[in-house]
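Below: one structure, written as structure tokens.
Read-outs: derived from the displayed coordinates by stated rules, not from any lab. Remember, it's a predicted structure, so these values are computed and weren't measured experimentally. With ideal geometry, Cβ positions are generated from the backbone for all residues, glycine too; neighbour counts draw on all protein chains shown.
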Amino acid sequence: MMAVMANNAAEVFSAAANGDARSLARLLSWVECGSDALRGLDRLGASHVSSGYVIGITGAPGVGKSSCTAALIGQWRSRNARVAVLAVDPSSPFSGGALLGDRVRMQDHVTDSGVFIRSMASRGHLGGLSAAVPEALSVLEAVGFDVIIVETVGVGQAEVDIAMLADTTLVLLAPGMGDGVQSVKAGILEIADVYVVNKADRAGADSTVSDLKALLALGGRHSVAGSWRPHIVSTVATTGSGIDELMAACDAHRKWLARSDGLHRRRIARCASQLEALMLAALRARVGSIDDAGLFAQLAEQVARGDRDPYEAAAALLASL
């Protein structure tokens, strides 16, 4: 049975590498469900040296992440780059599925054979991403995409996981979505390689840019000699205004990564995230097996009665794995 699965995986991978969208979708479905077929793909992926460029797009709900993603797809396609998009959507608390899987703002690109768009449900994973994203990135790089855009679910101040996966992280803001104090808070604003003030045709855009400049003037990791100083770009993604400047900022950051050790460090961080995701998936599977035996319920009842310390109960669960 395993030999048949391995052969099937090899055929599907080969078809995906040759541009078959259905085969690629099948690979990513295996990624999301944790299929054993992926074990063979790890070796196949390792044999492909990838030069894929990963762009992370994050920000609060309503700042225009999907519109910005669509605009960037058009720019990269004008350079003849093959583009993949992983768009992480909020999950239904009932079905676990993605609520916004149609990606309506990217419909202009769905018929382009050089573009692949995949929605992934967050399924309760914190940090603005899906637990399957690191592995999905490996698959997309292995099949030869030049650019991979990861659009996070709408996030708050603390969801910074995208910085561990992307080569270049774009943090989007919009005028009128918070006072100046928000721009100096620790959290998501600290991970930006490029700040994008989208919807810049609205009142308050200049003030938002000024707040970001004040934030950069306070110092931080970018103030260390030789480090990257984040660019600030104003855009109106729906009209294309400022997108050329945004592309130039991404190009500048990519060149900086190439001449520093930044790219190597980010690839190590990405691999670490992938290993962590795989380890946690295996751990959850084991936890599920002991939950079937009722051990969770037994220990929880003991803790609720005060018969057992919760730390002791957690240690007992770990010992049973």
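With the contact rule set at Cα under 8 Å and sequence spacing of 6 or more, what percent relative contact order holds for region 229-321?
14
Relative contact order for region 186-278: what percent, with Cα pairs under 8 Å and sequence separation of 6 or more?
28
Could you tally the net charge around residue 257, taking each other residue with its Cβ under 12 Å from the Cβ of residue 257, Lys/Arg +1 and Asp/Glu -1?
+2
Within 10 Å, count the other beta carbons around each residue, average over each peptide in 217-227, 52-62, 258-268, 201-211, and list them highest first.
Order by mean packing, descending: 52-62, 201-211, 258-268, 217-227.
Using every alpha carbon pair in region 274-320, what percent of pairs falls into each 5 Å bin from 0 up to the bin containing the largest distance?
Over region 274-320, the share of Cα pairs per 5 Å bin runs 5, 22, 24, 20, 15, 9, 4, 1 percent.
Run down the aspartates and glutamates and flag those whose C-alpha is under 13 Å from the C-alpha of residue 255, throwing out any fewer than 8 positions away in its chain.
167, 193
Local charge sum around residue 80 (other residues, Cβ-Cβ under 12 Å, Lys/Arg +1, Asp/Glu -1)?
Counting the neighbours of residue 80, the net charge comes to +1.
What is the set of long-range amide H partners of residue 120 at a cut-off below 5 Å, with H atoms built 1.01 Å from backbone N?
Counting only residues 5 or more places away or on other chains, the set is 87, 88, 89.
Going by amide H atoms built from the backbone, whose H comes under 5 Å of the H on residue 169, apart from near neighbours?
Under 5 Å from the amide H of residue 169: 56, 193, 194.
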